[in-house]
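Quick note: the coordinates plus some simple rules give every number you see, no bench work behind them. Keep in mind that what you see is a predicted model, and the values were worked out from it rather than measured. Positions of Cβ are generated from backbone atoms using ideal geometry, with glycine treated the same way; all protein chains shown enter the neighbour counts.
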Amino acid sequence: MKHILVIGATGQIGSELTMELRKRYGNSNVVAGYISGAEPQGELKESGPSAIVDVTNGAMIEAVVKEYQIDAIYNLAALLSVVAESKPMLAWKIGIDGLWNVLEVAREHQCAVFTPSSIGSFGESTPHVQTPQDTIQRPRTMYGISKVTTELLSDYYYNKYGVDTRSVRFPGIISNVTPPGGGTTDYAVDIYYSAVKGEKFVCPIAKGTFMDMMYMPDALNGAISLMEADPSRLVHRNAFNIASMSFDPEMICKAIQIHVPSFEMTYEVDPLKQRIANSWPDSLDDTCAREEWDWNPAFNLNTMTVDMLEKLSAKLK
Ligand code: SER
């Protein structure tokens, strides 16, 4: 990877991934692709090149790939699970029609492609505890349907055309930089904001609902490590289970109360979010990622909580 394009560079993951890639590969070698209305700001804007890249417009992607001699694309354009349920056709258009565009440009211009999948690619009939790498994937949400299709189409381009596609199934991602918008796992970010602001948190997910989560530094490291991995070791490609922690709302609340004893949480369950959460795994088995490309996360619930509270306190001061 010498010249990299991040599509969706101002989104939840993209804003931090772009900065991390610039740190590792040089500022001028990483192009922040954004859609109009979501321009990069601050350091993201100042530190390197950016370009308007609408994933639904193949010619636009191709023009940027040619101009910057791109050889790797991180395709992060997507709607999160709850929003995708209210705009299913748009979710498909961005997630799948957009992916076709990216893959076609990648085939023509020999680019490697990373397009994230998710715990949302599983469904009710998937084994929920220590969900295996290769198992039943019959989601009923549009988010999940588009993620399974992402995995299949990415593998198709690898097998048929040799396009170097690789991916991980991200769990809920927790970060103190760009907030997520419209996901089922957003509560695990929002809860820290409430704790730092001294507010009571009203949890939309029921007690006892376990989901896999991950701190952003591990998520970024996972994506980049996979793209750098020795291809001869990869048995799988699209997409690897990766895991670092699994908890329910009670556990994250208790982890916060160790540091903020006055913090309080009540429940007001959101039926759509709960239905989606119930259909997702409680925990993933990430043995294949550990064996094939040495996946090894650094953060657990407690170390993440310390870091989140510290960073958010400084940010919201
Ligand atoms: N964070 C995502 C969501 O909740 C899951 O991959 O939609």
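Computed on the range 90-185, with alpha-carbon pairs under 8 angstrom and 6+ residues apart, the relative contact order is 34 percent.
Working note: Karplus 6.51/-1.76/1.60 with θ = phi - 60° gives the range 304-317 the couplings 5, 4, 4, 5, 4, 5, 5, 5, 5, 4, 5, 5, 8, 4 Hz, where Gly and Pro are set to x.
Straight-line cross-link reach from residue 2 at under 16 Å between alpha-carbon atoms covers these lysines, not counting any fewer than eight positions away in the same chain: 23, 66. Pairs over the 21 Å Cα-Cα cut-off, from the set 197/311; 147/254; 273/315: 147/254; 273/315. P(r) tail for the range 135-263: Cα pairs beyond 17 Å make up 66% of the total. Springs between Cα atoms under 10 Å define the GNM used for the chain, and in it the highest mean-square fluctuation of 147, 197, 160 occurs at 160.
Take every DSSP beta bridge whose two residues both sit in the chain; close to 10 percent of them are antiparallel. In terms of surrounding Cβ atoms within a 10 Å radius of their Cβ, 282, 230, 294 rank from fewest to most as 230, 294, 282. The 3J(HN,Hα) values that the Karplus relation (6.51, -1.76, 1.60; θ = phi - 60°) gives for the range 101-117 are, in residue order, 4, 4, 5, 5, 5, 4, 5, 5, 10, 6, 9, 7, 9, 10, 10, x, 9 Hz. Gly and Pro appear as x. Close amide H contacts of residue 247 (hydrogens built in the peptide plane, cut-off under 5 Å, sequence separation of 5 or more or a different chain): 211, 213. By the beta-carbon count within 10 Å of each Cβ, the least crowded to most crowded order of 280, 92, 293, fewest first, is 92, 293, 280. Calculated FRET efficiency, residue 200 to residue 129, Cβ-Cβ distance, R0 = 41 Å: about 0.85 to the nearest 0.05. Legend: ranking of residues 15, 86, 36 from fewest to most surrounding C-beta atoms inside 10 Å; resulting order 36, 86, 15. The modelled label-to-label distance for the pair residue 69/residue 136, using points 7 Å beyond Cα in the direction of Cβ, is 5.1 nm.
In percent, what relative contact order does the chain have, based on Cα pairs under 8 Å that are 6 or more apart in sequence? Computed value for the chain: 18 percent relative contact order. Averaging the sequence gap over all C-alpha pairs within less than 8 Å and six or more residues apart, then dividing by the number of residues, gives the range 51-125 a relative contact order of 40 percent. Across the range 92-99, coupling constants 3J(HN,Hα) worked out from phi with the 6.51/-1.76/1.60 Karplus curve, θ = phi - 60°, read 5, 4, 6, x, 9, 4, x, 4 Hz, and Gly and Pro carry x. Using just its DSSP H runs of length 4 or more, each adding -39500 (n - 2.57), the chain gives a mean residue ellipticity at 222 nm of -12500 deg cm²/dmol after division by all residues.
With Cα atoms defining each centre, the range 246-311 and the range 121-174 are spaced 21 Å apart in the structure.
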